[in-house]
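Chemist: So that we are looking at the same thing, I have put the structure below in structure tokens.
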Number of protein chains: 2
Amino acid sequence: MDLLVVGSIGFDSIETPHGKTEKQLGGTAVFCSVAASYFTKVGMVATVGSDFPEHHVDFLKSKNVDLTGLTKLDGETFHWGARYHHNMNRRDTLFTHLNVFEQFSPEIPQAYRDTPFLFLGNIAPSLQMHVLDQMTAPKIVALDTMNFWIEGTPDDLAKVLRKTKVLLVNDEEAAQLTGEGNQLKAAKAINKMGPEIVIIKKGEHGAAMIHDNEYFYAPAFPLDQVSDPTGAGDTFAGGFMGYLAKASRIDKGTLRRAMVFGSAMASFAVENFSVERLRHLVSDEIDQRFDAFHEMVSFERE
Amino acid sequence: MDLLVVGSIGFDSIETPHGKTEKQLGGTAVFCSVAASYFTKVGMVATVGSDFPEHHVDFLKSKNVDLTGLTKLDGETFHWGARYHHNMNRRDTLFTHLNVFEQFSPEIPQAYRDTPFLFLGNIAPSLQMHVLDQMTAPKIVALDTMNFWIEGTPDDLAKVLRKTKVLLVNDEEAAQLTGEGNQLKAAKAINKMGPEIVIIKKGEHGAAMIHDNEYFYAPAFPLDQVSDPTGAGDTFAGGFMGYLAKASRIDKGTLRRAMVFGSAMASFAVENFSVERLRHLVSDEIDQRFDAFHEMVSFERE
């Protein structure tokens, strides 16, 4: 296996100006591993409740996602509800039922421990560290986190950051983590904490990567309709890490292509609710969108 | 003359986290014409009060800005005060003293009337139309407007839009003008109003151009410090129109380069207060920043 994804699986109940869903498949591990599955062999470590429908398991298997690390616990699956505002830039969380996710303690199956690429989704830094402690020598560790952990468990977060190569955060999280509102200064401060590669997610505007004193920007792909932004960041991470794992290297050109494939996958994800748009993608569609990204930013000196 | 700029001249009193200024040179016509002066022969139509210092006139002359259209009226010059919030994305207007700008009625000198490229800064649409009525046959008319006119004088705005080739607005203005929150749909609606080329300014995130069913994105240039965002949009317009006027054509490649030169000039403007950073630019700096923009978005298929 090339890529291991550790994170949540859950049901999402989402309301946007374009529709409403009840208990659809969601969670970091799902969005990320499904996106990555288009590029590489991916496995996941996650937990679901006894109410988790077999057809979701079948779907993940159909994407060749290795589910050795999926555990089923007695109880209900994580369930999250949110309503997006008219412009989709903001949302209100309506409820968060952690359910069995509260007991999540990621145990890494023996067969996964030498996986070279690792994505640590947004969970408690102590759990992220618990994963790292079980891995033999991951080549690239990418990590997502959020304000809750930056504020609440800064010491645990600092420890895991020291072992992280790629940090994915949004503007506000970068500022909160470093006390620096300027993204270049924040990235430099993050470099000193461990991560060499800083990806700043900018939502509807795209994402920037700061690495080796270079700044690369991948604008978000313009769509006629964004149906549901849920999972965009995790899908981005899946495309990014999936492509890196496939390439099995992290030179400048590969990293930039990974940013674009991540952005391309995220642009598909938001076209529909849940993982609907990611279910039946074909590689031609992904390649065409990659080319469309290229066209969107291309210009030449005269 | 290749480019005519019509708009405000005033004093700006600005406070940002990086400093505070009192009555520094500002206004659309200033930022726009100074930026354009690095590319082409530009003239302005604007009005100042009797208190307008001669050294500002000398500065504009030193940039080869034609001032035949600059009128001095009895009274005080337009004066605007604003304070930016910590993250620079929002500002509070502290005061707006229109002064002589209230009497501004743009009379176009005979020698300006056959100018091929025209930028109509954000003034009342009826005044923008008054300018158009005096021009013989401008090749490219670009227009800026704002929520105040979109709400207040929609019929006047509709008339002038029918004669406009390039509309520059921000996300919110595009949505307000068209009732469409989606930028692609808003741009299509704007096309039907007249402008073939729609530029959506996204502030700290950059700018997008929608033209001929193509979407081009120029991200904002990352800076270690943004000292004062005032005038960024007008400076962008100056670089954009200045480059177009110099090229004297509007094919796809030229328009895209104009977007990048506009973004480059704006990135200089915000590095310091007022027009300080634009005073002594040399063309090598502009070319280097153009190349840096190229590098910032470059990636190749493997």
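The values are calculated or read from the model by the stated rules, or taken from the named source; none is laboratory data. Being a predicted model, the structure only gives us computed values, none of them experimental. We place every Cβ from the backbone using ideal geometry, glycine too, and count neighbours over all the protein chains shown.
Chemist: Testing residue B:230 on (1) away from every other protein chain (no Cβ under 14 Å); (2) closer than 25 Å to residue A:206 by Cα; (3) not in a loop (DSSP other than H, G, I, E, B), one condition comes back false. Which one is that?
Modeler: Single failed check for residue B:230: (3).
Chemist: Identify the residue in region A:278-290 that is touching a residue at least 12 places away in the same chain (Cβ under 8 Å) and within 14 Å of another protein chain (Cβ to nearest Cβ) and, among all such residues, is surrounded by the fewest Cβ atoms within 10 Å (Cβ to Cβ).
Modeler: Only one residue fits best here, namely A:283.
Chemist: Then there's this: State the number of residues belonging to region A:192-223 that are out of contact with any Asp or Glu (no Cβ under 9 Å at 6 or more places or on another chain), facing chain B (nearest Cβ under 10 Å) and assigned to a loop (DSSP other than H, G, I, E, B).
Modeler: Summing the residues that are out of contact with any Asp or Glu (no Cβ under 9 Å at 6 or more places or on another chain), facing chain B (nearest Cβ under 10 Å) and assigned to a loop (DSSP other than H, G, I, E, B) in region A:192-223 gives 2.
Chemist: Conditions: (1) modelled with pLDDT of 95 or more; (2) under 30 Å from residue A:82 (Cα atoms); (3) within 14 Å of another protein chain (Cβ to nearest Cβ). Residue A:166 meets all but one. Number of the miss?
Modeler: Evaluating residue A:166 over (1) modelled with pLDDT of 95 or more; (2) under 30 Å from residue A:82 (Cα atoms); (3) within 14 Å of another protein chain (Cβ to nearest Cβ) leaves (3) as the failure.
Chemist: If residue A:76 passes every condition in (1) acidic (Asp, Glu); (2) more than 26 Å from residue A:134 (Cα to Cα); (3) in contact (Cβ under 8 Å) with a residue 60 or more places away in the chain but one, which one does it miss?
Modeler: So the condition that residue A:76 fails would be (3).
Chemist: Count, please, the residues in region A:13-30 that happen to be crowded, with 17+ Cβ neighbours inside 10 Å and not in a loop (DSSP other than H, G, I, E, B).
Modeler: 10
Chemist: Follow-up. Identify all residues within region A:233-247 that are farther than 25 Å from residue A:192 by Cβ and within 13 Å of chain B (Cβ to nearest Cβ); write none if there are none.
Modeler: Selection gives A:243, A:246, A:247.
Chemist: Applying the selection to region A:219-232, what residues are surrounded by fewer than 23 Cβ atoms within 10 Å (Cβ to Cβ) and among the charged types (D, E, K, R)?
Modeler: The answer is A:224, and nothing else.
Chemist: Also, quick follow-up: Which condition number in (1) more than 18 Å from residue B:224 (Cα to Cα); (2) at pLDDT 95 or above is the one that residue A:176 fails?
Modeler: (1)
Chemist: Now, a different point. Is there a residue in region B:234-252 that is under 14 Å from residue B:170 (Cβ atoms) and touching a Lys or Arg at 6+ places or on another chain (Cβ under 8 Å)?
Modeler: Yes, region B:234-252 has at least one match.
Chemist: Considering A:33, A:13, A:62, which residue is of a type in the set (Ser, Thr, Tyr) and within 16 Å of the chain's Cα centre (by Cα)?
Modeler: A:33
Chemist: Next up: Out of all the residues in region B:185-226, which are at pLDDT 95 or above and among the polar types (S, T, N, Q)?
Modeler: Result: B:191, single match.
Chemist: So how many residues does region B:256-277 have that are at the interface with chain A (Cβ under 10 Å from one of its Cβ atoms), in contact (Cβ under 8 Å) with a residue 40 or more places away in the chain and either over 16 Å from the mean Cα position of the chain (by Cα) or closer than 21 Å to residue B:59 by Cα (or both)?
Modeler: 1
Chemist: Please verify whether residue A:28 is touching a helix residue (DSSP H, G or I) at 6+ places or on another chain (Cβ under 6 Å) and among the polar types (S, T, N, Q), treating the condition exactly as stated.
Modeler: Yes: the conditions hold for residue A:28.
Chemist: Take the residues in region B:59-105 that are of a type in the set (Gly, Ala, Ser) and part of a loop (DSSP other than H, G, I, E, B), then tell me which one is surrounded by the fewest Cβ atoms within 10 Å (Cβ to Cβ).
Modeler: So the residue we want is B:105.
Chemist: Determine whether region A:233-248 contains at least one residue that is surrounded by fewer than 18 Cβ atoms within 10 Å (Cβ to Cβ), under 27 Å from residue B:296 (Cβ atoms) and either within 18 Å of the chain's Cα centre (by Cα) or not aliphatic (A, V, I, L, M) (or both).
Modeler: There is at least one residue in region A:233-248 that is surrounded by fewer than 18 Cβ atoms within 10 Å (Cβ to Cβ), under 27 Å from residue B:296 (Cβ atoms) and either within 18 Å of the chain's Cα centre (by Cα) or not aliphatic (A, V, I, L, M) (or both).
Chemist: Within region A:160-197, which residues are farther than 16 Å from residue A:138 by Cα, of a type in the set (Lys, Arg) and surrounded by fewer than 16 Cβ atoms within 10 Å (Cβ to Cβ)?
Modeler: Answer for region A:160-197, where residues must be farther than 16 Å from residue A:138 by Cα, of a type in the set (Lys, Arg) and surrounded by fewer than 16 Cβ atoms within 10 Å (Cβ to Cβ): just A:192.
Chemist: Name the one entry in B:171, B:155 that is out of contact with any helix residue (DSSP H, G or I) (no Cβ under 7 Å at 6 or more places or on another chain), among the acidic types (Asp, Glu) and on the phi < 0 side of the Ramachandran plot.
Modeler: Result of the check over B:171, B:155: B:155.
Chemist: Can you name every residue in region A:291-302 that is among the hydrophobic types (A, V, I, L, M, F, W, C) and facing another protein chain (nearest Cβ under 7 Å)?
Modeler: Scanning region A:291-302 gives A:296, A:297, A:299.
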